[in-house]
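Note sheet for the following structure.
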Amino acid sequence: MKNLIIIGAGGYGREMSEFAKEACGYGEEFVVKGFIDDTEDPLGRFSGYPPVIGRIVDYVPQLDDVFVCAIGDIQGRRKCTEMIEARSGEFISLISIRATCRCGASVGRGCVIQGGCCLSCDCFIDDHVHMQGMDIIGHDVRIGKWSFLHTGVHLGGGSFIGEGVHLYPYAIVHPHKKVGDYATVGAGAFVFRNIPARRTVYGNPGKILS
């Protein structure tokens, strides 16, 4: 039995501690051990959650520890994850029992796939991608490391999402279109053409902000 440690005890971390209970393998392959967080008294007035057992900056992974990072900011999540990986920490993916993975769908390590998500045939989800629920991933889609998909994102078949892309709720990417690395797609935006790296798109139809 592995002990899951959640990196970050903020709002997203508290959500993660509850979500872990509906992830595949909970109670059989892993249990939640607690949080690590660098802020003072991160749980504050909140009760009923696992304990804070240490700080991110100096926590030494134990033999049966596994990790998932619950920091919403992409750069912050990457920094904290790499800090633990440098100490040989092992990251696992949490996939809801209410998610659907079709034939050939591939999910890397450190990912979070919440309830209602559908991963269609032969899509590829790289390491440390987070999906917050009800996301529809079409066939042959590619999603790069560190990307974050809020609720209700739809990615058309054959679309390509680069590294560190942030897709806000109900964003839609047309089939076979590409969203470049570290781009941002606003809530409800419809991407119907390729988006260069590090650009921001809002609206329907989606327009690149200057």
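Which of the pairs Lys145/Lys177; Lys178/Lys207; Lys177/Lys207; Lys79/Lys177 have their Cα atoms more than 26 Å apart in this structure?
Lys79/Lys177
If amide H atoms are built 1.01 Å from N in the plane of the peptide, which residues on other chains or at least 5 residues away come under 5 Å of the amide H of Val66?
Residues meeting the amide H criterion: Asn3, Leu4, Ile5.
Starting from the Cα-Cα distance between Ser47 and Lys207, subtract it from 0.36 nm times their residue separation and give me the gain in nm to one decimal. Kindly include the intermediate steps, with their values, before the conclusion.
On the way: separation 160, 0.36 × 160 = 57.60 nm, distance 4.38 nm.
Gain in length upon complete extension: 53.2 nm.
If you scale each eigenvalue of the Cα gyration tensor by 5 and take the root, what three semi-axes come out for the chain, rounded to whole angstrom and sorted largest first?
Output for the chain: semi-axes of 30, 18, 15 Å.
If the cut-off is a Cα-Cα distance under 23 Å, which lysines reach Lys2, setting aside same-chain residues fewer than 8 apart in sequence?
Lys2 reaches Lys21, Lys33.
Under 11 Å from the 7 Å Cα→Cβ point of Gln62, by amide nitrogen: which residues of segment 1-45?
Answer for segment 1-45: 3-5, 33-34.
Divide by every residue of the chain the summed helix terms, -39500 (n - 2.57) for each DSSP H run of at least 4, and state the resulting mean residue ellipticity at 222 nm, rounded to the nearest 500 deg cm²/dmol. Display every interim value, and only then the final one.
Values: 2 runs with 21 residues, N = 210.
Value at 222 nm, helices only: -3000 deg cm²/dmol.
Taking θ = phi - 60°, what integer Hz values does the Karplus form 6.51 cos²θ - 1.76 cosθ + 1.60 yield along segment 173-180, in sequence order, with x for Gly and Pro?
These are the phi-based 3J(HN,Hα) values: 10, 4, x, 6, 9, 10, 10, x Hz.
So if I place +1 on the C-beta of Lys and Arg and -1 on the C-beta of Asp and Glu, and nothing else carries charge, what would the dipole magnitude of segment 25-176 be about its Cα centre? I want it in debye, nearest 20.
The dipole of segment 25-176 has a size of about 340 debye.
Compute the distance in nm between two label points, each set 7 Å from the Cα along the Cα-to-Cβ direction, one at Arg198 and one at Asp38.
Here the modelled spin labels are 2.3 nm apart.
Tell me, what HN-Hα J-couplings in whole Hz come from the Karplus equation 6.51 cos²θ - 1.76 cosθ + 1.60 at θ = phi - 60° for each residue of segment 148-165, using x for Gly and Pro?
Using θ = phi - 60°, the values come out as 10, 10, 6, 4, x, 6, 10, 10, x, x, x, 6, 10, 10, x, 6, x, 7 Hz.
Residues with amide H under 5 Å of Cys111's amide H, sequence separation 5 or more or different chain, H placed in the peptide plane at 1.01 Å from N; which?
Ser93, Leu94, His128, Val129
So if I take the alpha carbon set of segment 156-201, get Rg, then get Rh from the Kirkwood formula, what is the Rg over Rh ratio? Show your work: numbers first, answer last.
On the way: Rg = 9.0 Å, Rh = 10.0 Å.
For segment 156-201, the value is 0.90.
If you take the beta carbon distance between Glu28 and Thr100 as r and set R0 to 25 Å, what does 1/(1 + (r/R0)^6) give as a FRET efficiency, to the nearest 0.05?
0.75
Among 54-65, 172-183, what's the highest-first ranking by average C-beta atoms within 10 angstrom per residue?
172-183, 54-65
What is the helix-to-structure angle for 74-85, meaning the angle in degrees between its Cα long axis and the longest Cα principal axis of the chain, kept from 0 to 90 and rounded to the nearest 10?
On a 0 to 90 degree scale, this one is about 40.
Across segment 44-57, in residue order, what do the Karplus-derived ³J(HN,Hα) couplings come to in whole Hz, using 6.51 cos²θ - 1.76 cosθ + 1.60 with θ = phi - 60° and x for Gly and Pro?
Per residue, the Karplus-derived 3J(HN,Hα) values read x, 7, 7, 10, x, 9, x, x, 8, 10, x, 9, 5, 5 Hz.
Computed from the coordinates by the stated procedures, all read-outs in this text should not be read as laboratory data. Every value quoted in this text rests on a predicted model; they were computed, and no experiment measured them. Reconstructed Cβ throughout: ideal geometry from the backbone, glycine too, with neighbour counts over all protein chains shown.
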